Amino acid sequence: MTRPSRFNPLTLTVLLVLLLTASVRAADTVMDSLTGEVSRIFNQVAPAVVKIRAANLDQTLAGTGFFIDNRGTLLTAYDVVQEATRANIDYNGTLVEAKIIGRDIRSGVALLKADLADTPFIVSGDSAGLKIAAGLVGVGYAYNLPVSPSFGIITGFDVRYLNNFFATTHVRCSVTVSPGQIGGPLLNSNGEVVAMMVFSVDGGRECYGIPIKSVNRIVADLREHGEARHGWVGVGVVEANLDQPYAHAVYVSQIYDRTPAANCGLAQGDQVIAIGDRRIHNPQDILDAAFFAKVGSTVPVRVIRGDRELTFNLNIIERPALPQPAATPVPYHPPAPPPAARQPVQVNAPR
Amino acid sequence: MDELDERKLGKLLRLKKLETPGKEYFDGFLAEFQRYQRAEVFRRASRWEPLLMWFREAFVWAPRRTLAIGGGCALVAALVTVGVLGGGSFKGGKNSVAAKANPAPDAQVRLVSDAGAAADEQSVPRYSTGRTPLTYDQTIAF
């Protein structure tokens, strides 16, 4: 006697159909949800995003900007205004002149001010908490078309693009950028600006955004001094080759003349392990630490030399436009694996 | 007499319907047909025959079609003639005074006409692409 099957073919077919139907419904729900979220964010911030025109020599530059307060203060990318002396914004269909408060070619940030009151503005979010694969919404004016959104995800955090280093870590994302959208905000799911589009790559299929925390640091300088003041101690570094056993280490490769680092005791081959409170594991850490160092302050730089750990207190000065390396820089190659014992030694740099 | 003649005539006609030519006739017909075919093959066509054929087809067999095509061609020809001969005096003409006073706009094409643009937006701006690295260093220093 055979035992009867618990599920006959008809029951299985019905279950399969129900399962497929549920899957399709779930997909619809996710797509609808995503559409709703992007639409909500776009409608929330679009009034605060404006079209910018700037007259630079005999050329008119065009791009996007956005209000960061209700008094008409605007952020945009340096590439939108470059060295222009005046700029206009298209605010609610009216052309309004905007004063260029300051610009920073190194970070690619420009700050403008229009004589407007009660302007809608976008709140700054927490760019330090961004994670790979997080969704971002970009908003900007492509060509002379109306403002439009684009959606993408964070694909990385880079300090280097091909052979060039950014001033600080940038957010790489798959938000498409058309000409004219540079300078627009990149927004998180709360509709807060977490980065600003400054650099498009791969024909506009991806873009780099400078995190809003870094933007705010530049904005503070532009408000206070009318120009960005980048920190400088005069130390060139090189990253260890990844095929070496002690990888992800950063070593002093050269000391620049007439800088706080000159004659302070730092030497080629010292392994940099911390700048201030920030631990150094790779060049990204170095650039971020230098980017946020305030001119006029003192920062402790901790290094490992041989079997000893040394600390040098260096004054931060303003970074020159073209730093001059030491007269006879010696090419430096990272050393062998580190020693086991480390003896902390305090060394103060001459002021 | 008349009735007889009519009856005889009807009978003769009925018989005529059943009458068929003899075998010689069919043999001769085939030979005559093949001779005609050969003559057609070797016959040299007259120089004017295609033209006569075309006229016959155009105006005898399908006159409406010919009139429609001809009318259309005449209209196009008239428009082209007016455009070419009258171009110099038109406002949009290449050599007109108006065209020289208002030269053609820049070669760059605006994607969408912007009716509300201000005067300083008349020229096509350079839309920022952010593809030019600014001061990105090739070495790391702080």
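The values are calculated or read from the model by the stated rules, or taken from the named source; none is laboratory data. This is a predicted model, so every value here is computed, not measured. Cβ placement follows ideal geometry from the backbone for every residue including glycine, while neighbour counts extend to all protein chains displayed.
Table for the structure above
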| item | result |
| --- | --- |
| Among (1) aliphatic (A, V, I, L, M); (2) more than 14 Å from every other protein chain (Cβ to nearest Cβ); (3) part of a strand (DSSP E or B), the one test that A:Val198 misses | (2) |
| Any hit, the stretch B:108-122, residues being surrounded by 11 or more Cβ atoms within 10 Å (Cβ to Cβ) and at pLDDT 50 or above | yes |
| Any hit, the stretch A:113-122, residues being more than 30 Å from B:Ile140 (Cβ to Cβ) and among the aromatic types (Phe, Trp, Tyr) | yes |
| Sole exception among (1) in contact with a Leu (Cβ under 8 Å, 6 or more places away or on another chain); (2) part of a loop (DSSP other than H, G, I, E, B); (3) β-branched (Val, Ile, Thr) for A:Thr259, by number | (1) |
| Qualifying positions in the stretch A:78-118 - part of a loop (DSSP other than H, G, I, E, B) and buried (at least 22 other Cβ atoms within 10 Å of the Cβ) | A:Ser107, A:Gly108 |
| Selected residue (only one of A:Leu57, A:Leu18 is more than 30 Å from B:Asp137 (Cα to Cα), among the aliphatic types (A, V, I, L, M) and modelled with pLDDT under 85) | A:Leu18 |
| Tabulated pairs, the stretch A:36-54, first over 25 Å from A:Leu95 (Cβ atoms), second buried (at least 21 other Cβ atoms within 10 Å of the Cβ), C-beta under 8 angstrom, 6+ apart or interchain | A:Val38/A:Val137; A:Ile41/A:Val137; A:Ile41/A:Leu187 |
| Sole exception among (1) out of contact with any helix residue (DSSP H, G or I) (no Cβ under 9 Å at 6 or more places or on another chain); (2) more than 9 Å from chain B (Cβ to nearest Cβ); (3) in a helix (DSSP H, G or I) for A:Gly203, by number | (2) |
| Members of the stretch A:59-89 that are more than 9 Å from chain B (Cβ to nearest Cβ) and either out of contact with any strand residue (DSSP E or B) (no Cβ under 9 Å at 6 or more places or on another chain) or of a type in the set (Asp, Glu) (or both) | A:Asp69, A:Asn70, A:Glu83 |
| Candidate set: the stretch A:175-195, residues that are closer than 12 Å to A:Ser150 by Cβ and surrounded by fewer than 24 Cβ atoms within 10 Å (Cβ to Cβ); chosen: the one farthest from the other protein chains (Cβ to nearest Cβ) | A:Thr176 |
| Cβ-Cβ under 9 Å pairs, at least 6 apart or on other chains, the stretch A:211-228 side modelled with pLDDT under 95, far side of a type in the set (Lys, Arg) and in a strand (DSSP E or B) | A:Leu222/A:Arg103; A:Glu227/A:Arg103; A:Ala228/A:Arg103 |
